[in-house]
1. What ranking do 111, 273 get, fewest neighbouring Cβ atoms within 10 angstrom at the top?
2. If I stretch the segment between residue 274 and residue 400 completely, what's the gain in nm (0.36 nm per residue apart, minus their alpha carbon distance), one decimal?
3. Using 0.36 nm times the number of residues separating residue 4 and residue 298, minus their current alpha carbon distance, what extension gain do you get?
4. First check a/c for region 336-410, with a ≥ b ≥ c the square roots of the eigenvalues of its C-alpha gyration tensor; if it is under 1.5, answer rounded, and if not, answer prolate when a/b is larger than b/c or oblate otherwise.
5. Can you tell me the orientation of helix 182-199 relative to the chain, as the angle in degrees between its alpha-carbon axis and the longest Cα principal axis, to the nearest 10?
6. Once both labels are modelled 7 Å past Cα along the beta-carbon direction, what's the residue 380-residue 75 spacing in nm?
7. Just report the Cα centroid separation between region 201-271 and region 167-194, whole Å.
8. Would you compute, from DSSP H runs of 4+ residues alone, the mean residue ellipticity of the chain at 222 nm, taking -39500 (n - 2.57) per run and dividing by the full residue count, rounded to the nearest 500?
């Protein structure tokens, strides 16, 4: 087998855009006609620029290669530019292409990808979901309403989920870590109190932040949340200073999690050595692909750390996450997003049932991508997949996280 052609599709999920403004899907075809699908989760440049990066990585490091030679191709992408260090954009491009290679290999052997990675460890994968507005909720009010969040949590329990995530402590700002406004702390406590009262001990609370805070600010917020026993306190500080996670862990009695913005074993190894984080959340479309993330999971075993694959993307990355999750003993759970568009794009091939996802059984990734549907929803905007605001934290008024991928302001 030899990798022959590359096709790139940038598809935009319909509003409200759960999973981001666009998903970058890649399709590789071998000279003998086997196709494989992957997804790139790199949001630091726009989709047109990313198309060029993906095409360059493929042409330079992968075209004409046997898709079995994943390690060799990784080393080329990681090293050839006199780099030999994590590069978010290049690794994002390579990750999606690498996932497509595994899809090809599984199809060539008529076996699921997990069977090529050491075999089946987990027949079922515990799933978790964000809390999203219910039909009766007004979208603009939902993100600051503890009562609506509690109603959404109960709906998740009725569908079988045993873990729910929410992040009421906005804003996400380009200005780096900040001290939370006192109102942000009060609202975060109110969310935890209302959701815990609604779900009792039937579900774990996953408190999401996205690098908003300084070390001291994260400690203040984390200590206020302790009475409600969240399973994790997610990425409370920016990912560019891994040393500070240990400082937070010494002061806050909630497990810390992070990893969606990290790439390759080099960054995850540093995180584990420094201490403080024992729940890793790699995004397979950014972390280096399936094989590199399998290495990260094995490395984490030696630190008694757990893996919870991250997902704020489309269903192709979700499928890759699930194949990895099926193989590892230190799996905690896997993020999932249920929308009609996610489901239709892979023709219902993978679904959550009573809060769990069965290990995919079809060859390769076990999905059937609806290519026509993906092409029928091209991305025409100018914003990035996820975009942080320029305005600083508002200490007079109310800060609010806004979920989904809202359109740009007029």
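Values quoted throughout were computed directly from the atomic coordinates according to the rules given, and no laboratory measurement underlies them. Given the structure is predicted, the values throughout are model-derived calculations rather than measurements. Here the Cβ positions follow ideal geometry from the backbone for every residue, glycine too, while neighbour counts run over all protein chains shown.
1. Fewest to most other Cβ atoms nearby, the residues stand as 273, 111.
2. Stretched fully, the residue 274-residue 400 segment lengthens by 42.1 nm.
3. Difference between extended and current length: 102.7 nm.
4. Oblate, since a/c reaches 1.5 and b/c is not below a/b.
5. Taking the Cα atoms of the chain, the angle to 182-199 is about 80 degrees.
6. A separation of 4.7 nm, rounded to one decimal place.
7. 14
8. For the chain, the value works out to -11000 deg cm²/dmol.
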